[in-house]
Amino acid sequence: MIWRNAVRSGAARAGSAWFWGLLLAVGLALGTASARAETLLRLSETATVMVHPDELDASLRAEALAADPADAQRRVNAAMAEALAAAKAVAGVTVSTGGYFVWRVGPTPQDRTERWQANQSIELTSHDGTALLKLVGALQQKGLAVGQLGWRLSDTATKAARAEATTKAITALRGRAEAAAELLGLQFGSFKEVRLDSTRPQPGPRMMMMSAQAAPSQAAPPSAEAADVSIEATAEADVLLIAK
């Protein structure tokens with residue numbers, strides 16, 4: 001009796017081992033078949049959007065040269081107060097002031113006269129180019145020098161353009177994935193991983209620069225023509241292709 005029970009127990013263990021071994025073999029076979037049915041495709045697409053600059057930026061400075069530092073500063077202060085009042089009177093213009101500097105000029109071997117120079121800048125920004133150019137012209141007539149004048153993209157316009165470029169890049173990426181799958185006799189499965197702007201830094205908006213000295217006798221305001229700028233977005237992805 002004991003021998004028979006031992007035989008039966010051994011047979012049961014052998015049958016159980018065979019069953020689990022079969023399940024393991026089937027699982028490995030299914031896993032291998034599944035792995036063979038999947039193909040990983042790595043793609044990258046860059047889309048570009050051309051945008052017209054929407055913000056004009058100007059920088060002017062009031063300057064004064066005098067034998068006394070206090071006199072030079074008084075002249076700059078008066079010129080800046082007048083410029084600020086004129087700028088704030090124009091609707092839609094954002095006004096701020098830049099650094100204030102005073103330094104001694106001379107004496108030199110050729111000129112033993114000691115003089116002091118002072119200057120301060122005023123920064124102007126507006127979406128209304130016509131109004132701002134007219135203001136800049138008026139400030140030039142008052143003796144201010146133009147240090148910078150140019151169009152640029154505002155932050156809002158830059159974000160909108162980048163969002164549009166990103167949409168185009170992702171759409172193109174999906175199209176390429178489906179086209180590649182068709183050529184390979186497979187079909188699009190899913191995006192396993194998507195990276196946006198991960199390898200290519202975005203170029204900042206280009207600014208047209210113009211430098212000019214004060215021109216009290218010039219009646220016409222300065223000109224500033226804007227050129228379209230390009231905003232790019234890059235989409236990279238690991239794409240899973242599966243058997244049809």
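Key figures for this structure:
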read-out: Cross-link reach list, aspartates and glutamates versus K244, counting only Cα pairs under 12 Å and skipping chain neighbours closer than eight places; value: E38, E182
read-out: Distance from the range 36-89 to the range 93-146 (C-alpha centre basis), Å; value: 14 Å
read-out: Separation in nanometres of the label points that stand 7 Å from Cα toward Cβ, at A89 and H127; value: 2.5 nm
read-out: Hits among lysines - C-alpha to C-alpha of K88 under 20 Å, sequence gap 8 or more where chains match; value: K134, K142
read-out: Rg/Rh for the range 51-164, where both radii come from Cα atoms and Rh is the Kirkwood radius; value: 1.13
read-out: Candidate aspartates and glutamates for bridging to K159, where Cα separation is under 16 Å - those fewer than 8 sequence places away on the same chain excluded; value: D54, E55, D197, D228, E232
read-out: Förster-model FRET efficiency, 25 Å R0, V194 and S96, C-beta, rounded to 0.05; value: 0.05
read-out: Extended-chain gain in nm, criterion 0.36 nm per residue less alpha-carbon gap, L65 and D155; value: 28.6 nm
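Each reported figure results from applying straightforward, stated rules to the coordinates on display, with no laboratory input. If you're wondering where the values come from, they're calculated on a predicted model, not measured in any experiment. Methodologically, a virtual Cβ is constructed for each residue, glycine included, from the backbone with ideal geometry; neighbour enumeration extends over all protein chains shown.
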